[in-house]
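Let me begin by presenting the structure, written as structure tokens, before commenting on it.
Bear in mind that the values in this text are calculations on the coordinates, not laboratory data. Please read all numbers here as calculations on a predicted model, not as lab measurements. Here Cβ is always computed from backbone atoms with ideal geometry, including for glycine, and neighbour counts include all displayed protein chains.
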Amino acid sequence: MTAIRSVVLGCGSYLPRQILTNAELAARVDTSDEWIVQRTGIKQRHIAAEGEFTSHLAINAARAALADAGIDAQSIDLIVLATSTPDNTFPATAVAVQNALGIHHGAAFDLQAVCSGFIFGLASADNFLRSGAFKRALVIGAETFSRILDWNDRATCVLFGDGAGAIVLEAQPQPGESSDRGILTTHLRSDGRHQSKLYVDGGPSSTGTVGHLRMEGREVFKHAVGMITDVIVDAFQKTGTTADDIDWFVPHQANKRIIDASAHKLHIAPQKVVLTVDQHGNTSAASIPLALTVAVRDGRVKKGDLVLLEAMGGGFTWGSALLRW
Ligand code: UT7
């Protein structure tokens, strides 16, 4: 039996030039490099320059992914851009990316699932590709969280950073087995009972302002590992795979302690875990494609490798994706 799979053709990323270190943050709020590293694993984060928007980061990441794939932008007929920090309330930042790439056919839209945005975007694009509606998709995660942080709130401003990552997917016929290349399974979940634990206190319909990020960090932490591991177990069960089969675990990069605890609970060996939270901080929807690109470029993730992705964030939303590179 054959199956249409969404196969990865390439990936790319972009980070703003400016780096903000823990020491620099400690000069602004009552915190320390020691506290941030010990509690989160974060050492630095990138911050978008004035006038540098989410679309600019996304366009750079998309161009890098297209170059890596070795394909012409004109062959892309779907762009899904996951972001919680769009350039404007509307139109979608995805159409700015589409226009900058000179694409005037197909469809482009934004998707909002906060830190789980890339997984939700991947699952959406995968379903469109497998249905035959589109042939080649760009899935992008791009954020400028620096614009929605309360820089006086030490409990949140030390955690996040800006950046973008993208992958190119193509619908390809595969044998229909777990040894196929491409996305093998995705699992998405949400539970709105947790809305007030991680949210932004503004918006076009409520306050008419952009607002600032608010988080009950300990509450998010408490739920994170259980939710993450649940959807990963779903992915293992659906595909008949186990932690031993995984070549690389590329989790959402929010906190090293959450990542370590999730890997430990699932019996995923530490050397299989891709970590970038130390360098990027939490870049929300951008964190997974940023980490993936690092691991592909440094030669860790290779064609044929089984790669496990997961994310959890505001909403709460959470999800997993298992794919063969
Ligand atoms: O992307 C998806 C969503 N986000 C997450 O996954 C984040 C989940 N949560 C976390 O990662 C952690 O809860 C944090 C890193 C946010 C916080 O770590 P924690 O170990 O849960 O610390 P805490 O919130 O329990 O705070 C411990 C102490 C508090 O002081 P007291 O009450 O014990 O005196 C805080 O006021 O640390 C204090 N604190 C800080 N101290 C220095 C909070 N932020 C800071 C800071 N520097 N930046």
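Expressed in units of 2.2 N^0.38 Å, where N is the residue count, the Cα radius of gyration of the chain is 0.93. By the helix-only formula, in which each DSSP H run with n ≥ 4 contributes -39500 (n - 2.57) and the sum is divided by residues, the chain has a 222 nm mean residue ellipticity of -9500 deg cm²/dmol. Peptides 200-206, 1-7, 86-92, 112-118 ranked from most to least packed, by the mean per-residue count of other Cβ atoms within 10 Å: 112-118, 1-7, 86-92, 200-206.
Taken one residue at a time, the phi angles of segment 87-104 give Karplus couplings (6.51, -1.76, 1.60, θ = phi - 60°) of 4, 9, 4, 8, x, 4, 4, 4, 6, 5, 5, 4, 5, 5, 7, x, 9, 10 Hz. Gly and Pro are set to x. Between the amide H of residue 108 and those of 79, distances stay under 5 Å, these residues lying 5 or more places away or on another chain, with hydrogens modeled in the peptide plane.
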